Amino acid sequence: MRFGIGQKIFGIAAVLALLMVIAATVSIVLLSRVKHQLDVVSHTQLPVSESVGRVAILMLEQGIVLQRLFVLAEETVVDAALIKTARHEYQALSTKIDLELETAHDLMAKHPPDNHEHARVYERLMPGLESITVSKAAFLMEAEALLLALDAGDRATFEFLLPELENVEERLDREIVAFRDTMGAMVVAATAKANEDENLAVWVNAVLTVAAILLGLIFAGIVTRALVRSVHNLVAGARAVERGELDNLVIKTSSDEIGSLTDSFNHMIGELRLKERIKDTFGKYMDPRIVTRLLDRPEITEPGGERREMTVMFIDLKGFTSISEVLSPHDLVRMMNRFFNHMTAAIAENGGVVDKFMGDAVMAFWGPPFTNEREHGELACRAALAALKRLAVFRAEVIEELGEDATKLEIDMRIGVSTGAMIVGTVGSEVSKSYTVVGDPVNLGSRLEGANKAYGTHILVTAETRALVEDVGLEFREIDFIQVKGKTEPVRIFELVDVDSPIGWEERQQFERGLIAYRARDWDASEVAFDSVLAARKDDSVARTYIDRIAHFRRISPPEKWDGVWAFEEK
């Protein structure tokens, strides 16, 4: 009869389980006996012994007080106060002795016999405890009789009863000593028995455990030898997959479960090969990280999203319409592809995700799970600066390829960067979906890209973006306080300055003074400051923009409640 791998493994497990059950059963039985023995010791013998021991001590103290009463009664001058105090102490000790004996009886009653050993303890303890109780009562009666004789002045009766009291006291002492000796012997015997049973449980457990290990090793060795050849093939195939080699299949050498596993492994290789082909193909149409995420987590293809703080960037090629009028369709597409190659490289090198191409524009975003929660603003800004540097390389390539025709082209670009809470997830219809970001900060980023046109700048960012990157060595200049079309709340915007053409400290100070005076409607001071900036930087288009605005406001004054906000009527 042929057994499968599962049956062999189950057989090993069943044998081991049986041995473990036997070992556990024996251990439980033996440890249960240990528990019963320890219960007898801890719940009955020791507490009762302690109570009886305290009875002995209290009886000794009561005897001393009784002797003191006898002495006081025989004195010539009787001190009533001392006798009263001694009497009170004598009664208090009697009460304590009664409580201790009652405690011992209660302990015995609270834990009645529940096994043979426990019953034997009761048989030996209860008579002794009852005898102590009876003798204690006899002692008290004799003591009371003596005290009454002394109080009555009956010396003859006192002398007659005193030996009997001493006999009762000696008998009580012997009973207490015998009771405690018996209890001590029983505790020692119970402890020895518990230790013996415990050692036996350990020994039986050890023997059965060793037997289980040996038997398990024997069966495991037999099964392992039968499986190792086929497993070697699977290991070699797995290592090939780890190296990225997906063209080799594992040879099937058996028809058992290993053979089925080999078939599944070969099928998995085929699926991985298909998945890699899908990733390679669709990675050219969307960011490869999004493709991987969609393949690994199919549930995110369902419409829905998460709200996260992220950064979005829009890049637009300036003058695309005029360029398209000069170039042939073939040259135009080739030029656009070159432009997109440079822009996507700048984005990818800084951890960004290319969301989509929109005509001559590129949209990208940064944020979890593709970047760290705190670094998305910095990465977006560095990607914008990298894109600006690649623009110069792109111009040189176009000139080299198109020659004289390139001199007619105005090649430049504008970038808008915005940070805020966005919804990231899958949006779209039943037949067409996109993993993208949506929200007010996304629209604002698009508006900032267009706002560059009004200032002659290349990169505009929001105040939220600048706040994330204040300490990373990037240079910014506040540009304006604007209200873009479609928004009611004004936003403060900043220019991300190219590190290759930084603004000098004096020009920066003059620009800030001009901006402050402009918002305070001090047109003269503002114009002087911006003229100073233009004198140092003749190509500062932002300062030129403010000079033109000042001229406009001198002709047409802004409203009384004007707060320096410049409203854009166009997108």
Residues being in contact with a Ser or Thr (Cβ under 9 Å, 6 or more places away or on another chain), surrounded by fewer than 18 Cβ atoms within 10 Å (Cβ to Cβ) and among the acidic types (Asp, Glu) - total across region 501-517:
1
I'm told GLU464 meets every condition in (1) surrounded by fewer than 17 Cβ atoms within 10 Å (Cβ to Cβ); (2) farther than 21 Å from TYR546 by Cα except one. Can you identify the failing condition by its number?
(1)
Filter region 130-172 down to residues that are among the small types (Gly, Ala, Ser) and in contact (Cβ under 8 Å) with a residue 12 or more places away in the chain and give me whichever is surrounded by the most Cβ atoms within 10 Å (Cβ to Cβ).
ALA143
For GLY473, indicate whether it is in the same structural domain as GLY319 (by TED's automatic domain parsing) and closer than 25 Å to LEU332 by Cα.
no
Hits in region 180-201 (condition: among the aliphatic types (A, V, I, L, M) and surrounded by 12 or more Cβ atoms within 10 Å (Cβ to Cβ))
MET183, MET186, VAL187, ALA189, ALA190, ALA194, LEU200, ALA201
Which one of VAL442, VAL398, VAL437, VAL417 is in contact with a helix residue (DSSP H, G or I) (Cβ under 8 Å, 6 or more places away or on another chain) and at pLDDT 90 or above?
VAL417
Could you tell me whether any residue of region 406-420 is over 25 Å from GLU306 (Cβ atoms), in the same structural domain as GLU470 (by TED's automatic domain parsing), out of contact with any strand residue (DSSP E or B) (no Cβ under 6 Å at 6 or more places or on another chain) and free of Cβ contacts under 8 Å to residues at least 24 places away in the same chain?
yes
Within region 65-84, identify whether any single residue is closer than 30 Å to ALA190 by Cβ, in the same structural domain as ASN167 (by TED's automatic domain parsing) and either at pLDDT 75 or above or not aromatic (Phe, Trp, Tyr) (or both), and answer yes or no.
no
When the residues of region 518-533 are narrowed to those that are buried (at least 20 other Cβ atoms within 10 Å of the Cβ) and of a type in the set (A, V, I, L, M), which ends up nearest to GLU475 (Cα to Cα)?
VAL533
Within region 478-496, residues in a strand (DSSP E or B), more than 18 Å from ARG414 (Cβ to Cβ) and free of Cβ contacts under 8 Å to residues at least 60 places away in the same chain come out as GLU478, ARG492
Of all residues making up region 534-571, the number that are more than 54 Å from the chain's Cα centre (by Cα) and either surrounded by 13 or more Cβ atoms within 10 Å (Cβ to Cβ) or part of a loop (DSSP other than H, G, I, E, B) (or both)
15
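The values are calculated or read from the model by the stated rules, or taken from the named source; none is laboratory data. Just so you know, these numbers come straight off a predicted model, no measurement behind them. Methodologically, a virtual Cβ is constructed for each residue, glycine included, from the backbone with ideal geometry; neighbour enumeration extends over all protein chains shown.
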